[in-house]
Amino acid sequence: METMSGNKPFIGAVNVTSSEVRCSGCGGTIGIKYDPESLNLTCPFCGKVSALPQPGKVPVVQEFDFNAALQRASVNWGHVKKLIVCSNCGGQTIYDAEMLTGACPFCGSTSVNPAAENPQIMAPQSVIPFSISKDKAQQCFSDLMHRKHCLRKGVADSKLENLIGIYIPFWTFDALTVSSFSAFYYIGKLKNYFYGTWNKDFDDMIIFASDKYRNPFTARVQDYDFTKAVPYSPEYLAGIPAERYTVGLNEAWERAKSQMPRKIERAILRKYGIHNFIDNLATNYYNVRFRYLLVPMYFASYRFKKRRFPVVINGQTGKTFCDAPTIIPFIVLPLVGILLILVFIIIIYLMIKTGNLVV
């Protein structure tokens, strides 16, 4: 992949250019942050608020032809970045160069080190900006806990700890598919075959772009509105880290292709009835297009007694998920114990009554 002319050498696997996120008021470049509540940039020195393109009010984000990916994909992230790798979980996180990083945002380990250089790392084409602030994330968590039932006393009043917002990577794929298939059905004991073709248009087939350690609940809150994505701009990442993809474009496409046939089969079976069975399906893919985009996610935890529970919050919609200790085990276990005692008493009674047990 060729680099853009005029770029400086690669540092920490991310292209370094002369452009930075700069305040339009005082010209400062340090401490400028993206504000999820106003969806703007704020400067900590002069207080200048700079408007950014708003989700849903910008042109549709361009998708790229899969076969031309190596020629058209950009490696320019727009300002100085550094890549940090966690020695504990392997998570790879991209930060602004001036940000001090003491812990991994995924597992909390402080064993983090600069990553080796890799000039082939692709920059994202689009981003779904954070629209949920940290204060709002805390409120989303509190609302969820108060909606849960049968919680142990005090759990609903727990507070989030170690709350961090981070952009996580996804690939999306569009494709036109044409499938030939054979299926069979039974009339009595007679097996009948029939053959057909099926066309299906896939739009925004999403593939998570990381194989590293992940909170097990992440998939529970991925209800993103991809129509609200905006063209990538480094301003949206000002002060917010981003995870680097570890599932490359080709591997992601293979994963998408492994999922598409199952969706095609389900569509065919819905058309022809659940008693039909597909025994052969061959699919061709046309006009394959892709996007590499970043989506917002909050990771946190809360403590109850001596246990710590992980929490994930969608940074766009506020959808929240976590486990919580309930009183159900304290109700069920005694009931099970009582039931076992009753069963034992009944067995003894029956044995005495039938003479199989001598008292």
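The values are calculated or read from the model by the stated rules, or taken from the named source; none is laboratory data. Keep in mind that what you see is a predicted model, and the values were worked out from it rather than measured. For neighbour counting, all protein chains shown are included, and Cβ atoms are generated from backbone atoms with ideal geometry for every residue, glycine included.
Scan segment 234-249 and give yes if some residue there is modelled with pLDDT of 85 or more, on the phi < 0 side of the Ramachandran plot, in contact with a Cys (Cβ under 8 Å, 6 or more places away or on another chain) and in a loop (DSSP other than H, G, I, E, B), otherwise no.
no
Residues checked against (1) over 30 Å from Tyr236 (Cα atoms); (2) touching a strand residue (DSSP E or B) at 6+ places or on another chain (Cβ under 8 Å); (3) not in a helix (DSSP H, G or I):
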position: Phe141; (1), (2), (3): no, yes, no
position: Gly165; (1), (2), (3): no, yes, yes
position: Ile168; (1), (2), (3): no, yes, yes
position: Val178; (1), (2), (3): yes, yes, yes
position: Ser182; (1), (2), (3): yes, yes, yes
position: Tyr195; (1), (2), (3): yes, yes, yes
position: Ile206; (1), (2), (3): no, yes, yes
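Residue-by-condition table, conditions (1) farther than 21 Å from Lys212 by Cβ; (2) free of Cβ contacts under 8 Å to residues at least 24 places away in the same chain; (3) charged (D, E, K, R):
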| position | (1), (2), (3) |
| --- | --- |
| Met260 | yes, no, no |
| Ala267 | yes, no, no |
| Arg270 | yes, yes, yes |
| Phe277 | yes, no, no |
| Thr283 | yes, no, no |
| Tyr292 | no, no, no |
| Ala300 | no, no, no |
| Lys305 | yes, yes, yes |
| Val311 | no, no, no |
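If we keep just the residues of segment 279-301 that are touching a Pro at 6+ places or on another chain (Cβ under 9 Å) and not aliphatic (A, V, I, L, M), which is nearest to Val178 (Cα to Cα)?
Among those that are touching a Pro at 6+ places or on another chain (Cβ under 9 Å) and not aliphatic (A, V, I, L, M), it is Thr283.
Could you list, in sequence order, all residues of segment 163-206 that are under 36 Å from the mean Cα position of the chain (by Cα) and free of Cβ contacts under 8 Å to residues at least 24 places away in the same chain?
Once the filter is applied, which keeps residues that are under 36 Å from the mean Cα position of the chain (by Cα) and free of Cβ contacts under 8 Å to residues at least 24 places away in the same chain, segment 163-206 yields Thr197, Asn199.
Among the candidates Ala219, Ala252, Ala209, which residue alone is in contact with a Pro (Cβ under 9 Å, 6 or more places away or on another chain) and either closer than 28 Å to Asn67 by Cβ or hydrophobic (A, V, I, L, M, F, W, C) (or both)? Before the answer, list the steps.
On the way: Ala219 fails: in contact with a Pro (Cβ under 9 Å, 6 or more places away or on another chain); Ala252 fails: in contact with a Pro (Cβ under 9 Å, 6 or more places away or on another chain).
Of the residues listed, the single one that is in contact with a Pro (Cβ under 9 Å, 6 or more places away or on another chain) and either closer than 28 Å to Asn67 by Cβ or hydrophobic (A, V, I, L, M, F, W, C) (or both) is Ala209.
Go through (1) buried (at least 16 other Cβ atoms within 10 Å of the Cβ); (2) modelled with pLDDT of 65 or more; (3) more than 22 Å from the chain's Cα centre (by Cα) for Ala115 and report which single condition fails.
(2)
When you scan segment 219-227, do you find a residue that is farther than 30 Å from Asn280 by Cα, outside any loop (DSSP other than H, G, I, E, B) and among the aliphatic types (A, V, I, L, M), even just one?
Taking segment 219-227 and keeping what is farther than 30 Å from Asn280 by Cα, we get 219-227.
Next, only the ones that are outside any loop (DSSP other than H, G, I, E, B) stay: 219-221, 226-227.
Filter once more, so that each one left must be among the aliphatic types (A, V, I, L, M): 219, 221.
Within segment 219-227 (the criterion being farther than 30 Å from Asn280 by Cα, outside any loop (DSSP other than H, G, I, E, B) and among the aliphatic types (A, V, I, L, M)), the answer is yes, since at least one residue qualifies.
Show the residue pairs meeting these rules: Cβ distance below 8 Å; 6+ apart or different chains; first residue within segment 315-337 and touching a residue at least 24 places away in the same chain (Cβ under 8 Å) and over 30 Å from Ser38 (Cβ atoms); second residue assigned to a strand (DSSP E or B) and of a type in the set (Lys, Arg).
Pro325/Arg307
So which of Ala183, Ala238 is small (Gly, Ala, Ser), crowded, with 17+ Cβ neighbours inside 10 Å and closer than 27 Å to Pro261 by Cβ?
Numbers: Ala238 fails: closer than 27 Å to Pro261 by Cβ.
The conditions single out Ala183.
Got at least one residue in segment 279-293 being within 29 Å of Gly188 (Cα to Cα) and at pLDDT 90 or above?
The answer is yes, given that some residue of segment 279-293 is within 29 Å of Gly188 (Cα to Cα) and at pLDDT 90 or above.
So is Ala123 modelled with pLDDT of 90 or more, in the same structural domain as Phe299 (by TED's automatic domain parsing) and out of contact with any Pro (no Cβ under 7 Å at 6 or more places or on another chain) or not? Reasoning before the result, please.
Details: modelled with pLDDT of 90 or more: no; in the same structural domain as Phe299 (by TED's automatic domain parsing): yes; out of contact with any Pro (no Cβ under 7 Å at 6 or more places or on another chain): yes.
Against the criterion (modelled with pLDDT of 90 or more, in the same structural domain as Phe299 (by TED's automatic domain parsing) and out of contact with any Pro (no Cβ under 7 Å at 6 or more places or on another chain)), Ala123 does not qualify.
Take the residues in segment 128-161 that are of a type in the set (S, T, N, Q) and over 19 Å from the mean Cα position of the chain (by Cα); name whichever of them is nearest to Lys306 (Cα to Cα).
Ser158
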